[in-house]
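I have placed the structure first, in the form of structure tokens, so that the comments after it can refer back to it.
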Amino acid sequence: MVESTLVSNSIVIKYVSGVTSAGKDITKSQKFNSIRKDMTDAEIFAVGKAIMSLMVNNVVDFRKTLEYTLAEG
């Protein structure tokens, strides 16, 4: 049997950092890794909203990323 173990929780925020000469958005992403593994989705969303409120650029995407290790049990 294979078991998975959560090793990290992170938030990824994608934002518009500029515009090309053709008028298309230039996007960048920033990852925040120090998110407690036991946080609920509502708590993570609240943290993300707080971070986004401090950003000057237009946020286009907000994601929660989970990383697991897999091992035979």
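Overview of values
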{"item": "Residue count for the stretch 1-39, restricted to those that are of a type in the set (D, E, K, R) and touching a Phe, Trp or Tyr at 6+ places or on another chain (Cβ under 8 Å)", "result": "2"}
{"item": "Within the stretch 1-49, considering residues that are part of a strand (DSSP E or B) and of a type in the set (Gly, Ala, Ser), the one surrounded by the most Cβ atoms within 10 Å (Cβ to Cβ)", "result": "Ser10"}
{"item": "Any hit, the stretch 2-9, residues being more than 12 Å from the chain's Cα centre (by Cα) and without any contact (Cβ under 8 Å) to a residue 24 or more places away in the chain", "result": "no"}
{"item": "Lone qualifier among Ile26, Ile35 - being among the β-branched types (Val, Ile, Thr) and in contact with a helix residue (DSSP H, G or I) (Cβ under 7 Å, 6 or more places away or on another chain)", "result": "Ile35"}
{"item": "Residues of the stretch 50-70 classified as over 16 Å from Ser8 (Cβ atoms) and either touching a residue at least 12 places away in the same chain (Cβ under 8 Å) or surrounded by 11 or more Cβ atoms within 10 Å (Cβ to Cβ) (or both), total", "result": "9"}
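Each value in this text was obtained by applying a stated rule to the coordinates, not by laboratory testing. Since the model is a prediction, treat every value here as computed from it, not as a measurement. Cβ atoms come from the backbone with ideal geometry, glycine included; neighbour counts cover every protein chain shown.
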